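Scroll down for the structure; my scribbles are underneath it.
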Amino acid sequence: MSKPLKIAVAGLGNVGVGVVKILETHKGLIAERAGREIVIKAVCARNHNADRGVDLSPYAWEANAANLADRDDVDIVVELIGGEHGIAYDTAKKTLSKAKSLVTANKALIAHHGAELADLAQKNDVALRYEAAVAGGIPIIKAIGEGLAANELSLVYGIMNGTTNYMLSQMEARGLTYDEILAETEALGYLEADPSLDLDGIDAAHKLAILSSVAFGTKTDFDNVYIEGIREIETVDIEYGKELGYRIKLLGITSFENGMLSQRVHPVMIDRKLPIAGVMDGFNAIVVDGDFIDRTFYQGRGAGEGPTASAVVADLIDIARGHSGPAFFKPASTLVKAKPVSINQRKGAYYVRLHVKDRAGVIADITAALKQSNVSVETMLQKGTEQDGTVYVVMVTHDTTEKAMKDALNRINELSSVIEKPLSIRIEKL
Ligand code: HSE
């Protein structure tokens, strides 16, 4: 057996602890599969004294993660600190600059600095691996970069945030309001330290930006991901959606055609019969379309100690085996800067929910506003009047453009009978 692969772990939250546990539990099995042992030499976290439920005494302790890159007894730094800037970024750059490989679960880091770090890794002839950054336990980076490498890929979409999928699923299953499920999700500890990352779609957008690069060989371009979160979804939308044959999901969708890259994360209504519509609670799912494979579908746990740590250790095993190709599966210098497609270019149908005063002429006013914007309605639903004399009116439009829809919603919002900003959800035929 070859010499052991010596690693350092920076960040001892649940994923870091999970990595320590897997490397201990499956020591023999991993050594067999990797062809060499993988041993932890040093660890680092903010708080030295916290009880993490694992024995860290055999490992050297470093107070500063970036110092791990200086250690002669370390071949690979595993960065599990998180965050786009600061110590995570410094540690990543220093590790690669010192010609050591980097394994990370840090989606923000790769989404923002993927191309730069890939270049640095290549110049220093070391590996940069980040399987754990996208969809936790689903090996989607390897599936796309290796398993589907023979294909030209055209479309990747999926549920990339387990927390919001859990929230939407529970709103439907238990009829909870957004505020009720938010409080519960917070109490369960499912939300990111900055909840906006989950609720506003940013976490999913980080993952989507990474998948775009892996699938299409483009430079990571987080800044051009169009992002909307789930804060405006109410139970009534879920119920109306169901009646119309749809389920609401927060999807990330990326496609690449003729040098143009479309990247968007927003709630969608999709046919309830689609396999991805049945992926509930904390699960993630990704769909990848390619020219020779048609469609592939991957499902699994997108977060949590075990699934995320499993992906980190798989990357370590890969490097131990000597599989250390370019970070985005092609030379970093050949990653292309794609032209972004604006959300305004989207064409398709929309679900629209209006909260209006229940009085004569309201529907006529709404229809007139739609007509002026050239948006035509396929279905309109209105149910009983609330005690306060207001009513929800729900519509599904025929295919139209984002621009026309925005224009119509602005007109509708100005009507005196409309008492709440209209909500629209894009209907995707996937
Ligand atoms: N907040 C993320 C999620 C964690 O809910 O999917 C995993 O990246």
Inset, instruction - Output the number of the condition that Gly145 fails; it satisfies all remaining conditions of (1) open to solvent by less than 50 Å² (accessible area, probe 1.4 Å); (2) assigned to a strand (DSSP E or B). - result: (2)
Inset, instruction - Kindly provide the set of residues from region 148-182 that are open to solvent by 60 Å² or more (accessible area, probe 1.4 Å) and in a helix (DSSP H, G or I), ordered by number. - result: Ala173, Arg174, Asp179, Glu180
Inset, instruction - Check whether at least one residue in region 410-422 is under 32 Å from the mean Cα position of the chain (by Cα) and either farther than 22 Å from Tyr246 by Cβ or among the hydrophobic types (A, V, I, L, M, F, W, C) (or both), and report yes or no. - result: yes
Inset, instruction - Taking the residues in region 203-232 that are within 16 Å of the ligand (Cβ to nearest atom) and surrounded by fewer than 22 Cβ atoms within 10 Å (Cβ to Cβ) as candidates, determine which candidate is farthest from Asn165 (Cα to Cα). - result: Ile227
Legend entry - Per-region count, region 258-290, residues out of contact with any strand residue (DSSP E or B) (no Cβ under 7 Å at 6 or more places or on another chain) and among the acidic types (Asp, Glu): 1
Inset, instruction - Return the residue satisfying two criteria in turn: it lies in region 280-292 and is buried (at least 18 other Cβ atoms within 10 Å of the Cβ) and over 15 Å from the mean Cα position of the chain (by Cα), and of such residues it is nearest to the ligand (Cβ to nearest atom). - result: Asp289
Inset, instruction - Among the residues of region 114-141, write down those that are assigned to a helix (DSSP H, G or I) and within 16 Å of the chain's Cα centre (by Cα). - result: Gly114, Glu131, Ala132, Ala133, Ile140, Ile141
Inset, instruction - Give the number of residues within region 244-279 that are of a type in the set (A, V, I, L, M), assigned to a strand (DSSP E or B) and either within 21 Å of Gly145 (Cβ to Cβ) or within 16 Å of the ligand (Cβ to nearest atom) (or both). - result: 5
Legend entry - Residue in region 188-199 that is nearest to the ligand (Cβ to nearest atom), counting only those that are assigned to a loop (DSSP other than H, G, I, E, B) and surrounded by fewer than 17 Cβ atoms within 10 Å (Cβ to Cβ): Glu192
Legend entry - region 362-394, subset of a type in the set (D, E, K, R) and farther than 14 Å from Ser416 by Cα, residue most open to solvent (accessible area, probe 1.4 Å): Lys371
Legend entry - Candidate set from region 388-408 (those that are part of a strand (DSSP E or B) and of a type in the set (A, V, I, L, M, F, W, C)); member that is nearest to the chain's Cα centre (by Cα): Val396
Inset, instruction - Report whether or not Thr334 is farther than 28 Å from His113 by Cα, open to solvent by 50 Å² or more (accessible area, probe 1.4 Å) and of a type in the set (Ser, Thr, Tyr). - result: no
Legend entry - Within region 132-187, tally of residues that are within 16 Å of the ligand (Cβ to nearest atom) and among the hydroxyl-bearing types (Ser, Thr, Tyr): 6
Inset, instruction - Would you mind stating whether Ser342 is among the polar types (S, T, N, Q) and within 26 Å of the chain's Cα centre (by Cα)? - result: yes
Legend entry - Lone unmet requirement of (1) in a helix (DSSP H, G or I); (2) among the hydrophobic types (A, V, I, L, M, F, W, C); (3) more than 23 Å from the chain's Cα centre (by Cα) for Val313: (3)
Inset, instruction - Quick one: which residue in Arg321, Arg301, Arg359, Arg295 is within 16 Å of the ligand (Cβ to nearest atom) and either at pLDDT below 95 or open to solvent by 60 Å² or more (accessible area, probe 1.4 Å) (or both)? - result: Arg301
Inset, instruction - Using the structure shown, decide if Asn67 is in a helix (DSSP H, G or I), farther than 22 Å from Ala209 by Cα and without any contact (Cβ under 8 Å) to a residue 24 or more places away in the chain. - result: yes
Legend entry - Single match in Asp51, Asp75, Asp55, Asp70 (criterion: open to solvent by 20 Å² or more (accessible area, probe 1.4 Å), of a type in the set (D, E, K, R) and under 30 Å from Gly217 (Cα atoms)): Asp75
Inset, instruction - Would you check if there is a residue in region 34-48 being in contact (Cβ under 8 Å) with a residue 12 or more places away in the chain and assigned to a helix (DSSP H, G or I)? - result: yes
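The values are calculated or read from the model by the stated rules, or taken from the named source; none is laboratory data. Note that the structure is a prediction, hence the values are computed from the model and not measured. Glycine gets a Cβ as well: all are built from the backbone with ideal geometry, and neighbour counts include every protein chain shown. Protein only, heavy atoms only, side chains kept; ligands, DNA and RNA dropped before computing areas. Shrake-Rupley method; radii C 1.70, N 1.55, O 1.52, S 1.80 Å.
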